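Written out below as structure tokens is the structure these notes cover.
Derivation of every value follows stated rules applied to the coordinates shown; laboratory data play no part. Keep in mind that this is a model prediction, so the values were computed, not measured. Heads up, the Cβs are rebuilt from the backbone with ideal geometry, glycines too, and the neighbour counts pull from every protein chain shown.
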Amino acid sequence: MSIEKFSYDNKIVKYFIIATVVFGVIGMLVGLTIATQLFLPAANFNIPYTTFGRIRPLHTNAVIFAFVGNAMFAGIYYSLQRLLKTRMFSDTLSWINFWGWQLIILAAAITLPLGLTTSKEYAELEWPIDIAIAIVWVVFGINMIGTILKRRERHMYVAIWFYIATFVTVAILHIFNSLELPVSLFKSYSIYAGVQDALVQWWYGHNAVAFFLTTPFLGIMYYYLPKAANRPVYSYKLSIIHFWSLIFIYIWAGPHHLLYTALPDWAQSLGTVFSVMLIAPSWGGMLNGLMTLRGAWDRVREDPVLKFMVVAVTAYGMSTFEGPMLSLKNFNAITHFTDWIIGHVHVGGLGWNGFLTFGMLYWLVPRMWQTKLYSRNLANLHFWIGTLGIILYVLPLYWGGVVQSLMWKEFTEDGFLMYGNFLDTVTKIIPFYMIRATGGLLYFTGVIFMVYNLIKTAKSGTFLANEEAEAPALEKVKIAGGGHAALERKPVLFTVLALIAVAIGGIAEIVPTYLVKSNIPTIPSVKPYTPLELEGRDIYIREGCNNCHSQMVRPFRSETERYGQYSKAGEFVYDHPFLWGSRRTGPDLHREGLGNKNAKPHAWHFKHMYDPRITSPGSIMPNYPWLHENTLDISHTADKIKAMRKLGVPYQKGYEKIAVDDLKAQAQQIADALNAEEDITTSADKEIIALIAYLQRLGTDINVKEDVASN
């Protein structure tokens, strides 16, 4: 048996580690900023680029794709080489993966504050960046699969199973959710509309959490936790059950984000059933991780690496118990659209992803720099500050979420809403926002301690860029035996089977919404947006209004009393993209338009957008004075009409030629009405006019009055 000598590429891991730390600091600092904006509106800084609506997606993208994404690549590139006893397939592809990913992050950091967004949660980046993501992801996949094929270890260890599932599933999710029709270099419309767009988005959104924030980190858990504990994985059989059941069941659970919405009941029920089933494989993985530490609990008390990993795995168990609970309709009716969901997400983000990453970094850096951790005491301090930060972050959001929901639903003895003014339910929870921000500050402080500790550790050692190794060549011999062990020797077949497992659920849920027309009943009175309303809708998207406002009145008495008729599937058939939202920091807006019970005059919207506290004292909404100053850009209006027609919106052929004239006429009507007010002076070419037109249209198609258009 010949022994081959080779070297592991540590340099690429080093660069991904540096990117992880840098973007972790940046992403969390942005998160701390938006947490502060929720109780201190002045922290929006009264400029377009730093409002909550624009930088909230910057925070989520920075943490998910920059911090966690780079940590994922660092963890995979280090472990994959050692599990397969070979260098990465291609150093060139490794560096294309690294620099391509950082350029994508840079593009996101530039475009999102500029308001260049698709508005789809966790998928806000516009079409050129989406293409770049697909290319870089395929480069990563080729490099990974190539490395597996040239391995010197016959069996693929469990961590590699999760890496494979991550690659194939994220590719499918990203490509199908990002199908959009470009209008210009930085503007596109989703090819899906309304209910279909919502289903595809949350098929993607839930499974972005599943296959970007969960499966690769389960792979990392299966490698780094046994290494740090110096113990074998508790159960090989449990890892097999965990893997296959998890990837098959997870993909079905997306509709639980859309309970009580206009999504067909059968799809909601499927999402609920599979979400409840999901607790079994999730907890199987958690127990497999924790039981791996049997016999090593004395070390956990002393070793900060194991402390971080134990809490990470526990947080994974907590969040994967909470997810199925939130998918139960009776529980979802209370928690959805509230800050409870934000707390739930951060148990996973701060606890599972954050702490597992910190544990991995504390384990990796001393080894790669051939030294000892600079300060174990400082790492332990980071652990306790971070843990306290998570507690102070999450518990106020749970408490505040329940307070929100109970106030929304409370009725007086006479049958009227107890808190008819939505703002009363906002100001009540401001103290919870303050405590939450304090928790975030503590967590961030711990990260700064880690940065210092890692820098001092690296300076005390010598970095080993190419780590020499040797292993026997993989001989092509026939080995007796079957079952899963045989499958682990066939990476191509394994990848195909994983692809099939995750594709079944997506096909079963999404395809029927296109083939069965009864899933989305049409409403004859629903008409396309006018050109001015379409431009106003794009401004609404640009400013990230859907980050705080929903457009989905659920069929609860508390909501129909507050907002009006519950939302119907057929009302959204021309919405590219859908804007149902996932949180109510402000009231639902689907019945905001003229003719509905809560309709407000043009002048109210004009003043409200300039300074919300003029019309709503105590509001935490940012000011939008630039909307009153900016001239509406109508250079792409005709192109937008043509794009919408290609997507099936029934604008008459050639309408784009007169669309701008119609836009100007409607804008002049609104401007004239505003100028009739004593304290308002404006012109018809301002962005605020288009936004008012859009807001006054919302929810009017099934409650049409003859005089709506003229008001």
- Item | Fraction of beta bridges assigned by DSSP in the chain that are antiparallel (%, nearest 5) | 95
- Task: Could you give me the percent of Cα pairs per 10 Å distance bin for segment 636-706, shortest bin first, beginning at zero and ending with the bin that holds the maximum distance?
- Result: 17, 39, 36, 8, 1
- Computed over segment 488-550, the Cα gyration tensor eigenvalues, each multiplied by 5 and square-rooted, give semi-axes in Å (largest first) of 40, 21, 10
- List, largest first, the extents of the alpha carbons of segment 552-605 along their principal axes, each in whole Å. 28, 26, 23
- Task: Output the relative contact order of the chain, whole-number percent, from Cα pairs under 8 angstrom with separation of 6+ residues.
- Result: 17
- Query: Where the convex hull is taken over the Cα atoms of segment 293-470, what is its projected area averaged over directions, in nm²?
  - Reply: 14.1
- Note on the structure: The orientation-averaged projected area of the Cα convex hull of segment 358-425, in nm², is 6.7
- Item | Charge dipole of segment 293-470 about the Cα centre (unit charges at C-beta), most positive-ward option of Tyr393, Gly439, Trp297 | Trp297
- Cα-based Rg of segment 76-134 per 2.2 N^0.38 Å, rounded to two decimals? 1.47
- Item | Relative contact order computed over segment 531-697 (Cα-Cα under 8 Å; 6+ residues apart), in percent | 31
- If you average 1/r over all unlike Cα pairs in segment 531-697 and invert the result, what Kirkwood radius do you get in angstrom? 16.8
- Hey, could you grab the Kirkwood Rh for segment 2-131? Inverse mean 1/r over distinct alpha carbon pairs, Å, one decimal. 16.2
- Cα extents of segment 146-264 per principal axis, largest first, Å, are 53, 36, 22
- Message: Helix-only mean residue ellipticity at 222 nm, the chain, DSSP H runs n ≥ 4 weighted -39,500 (n - 2.57), per residue, nearest 500. What is it?
- Response: -19000 deg cm²/dmol
- Message: Compute the helix-to-body angle for 659-675: its Cα long axis versus the longest principal axis of the chain, expressed 0 to 90° and rounded to tens.
- Response: 70
- Task: Take the eigenvalues of the Cα gyration tensor for the chain, scale each by 5, and report the square roots as semi-axes in whole Å, largest first.
- Result: 47, 27, 24
- Message: For the chain, take the longest principal axis of its alpha carbons; what is the angle in degrees between that and the long axis of helix 52-61, to the nearest 10 within 0 to 90?
- Response: 20
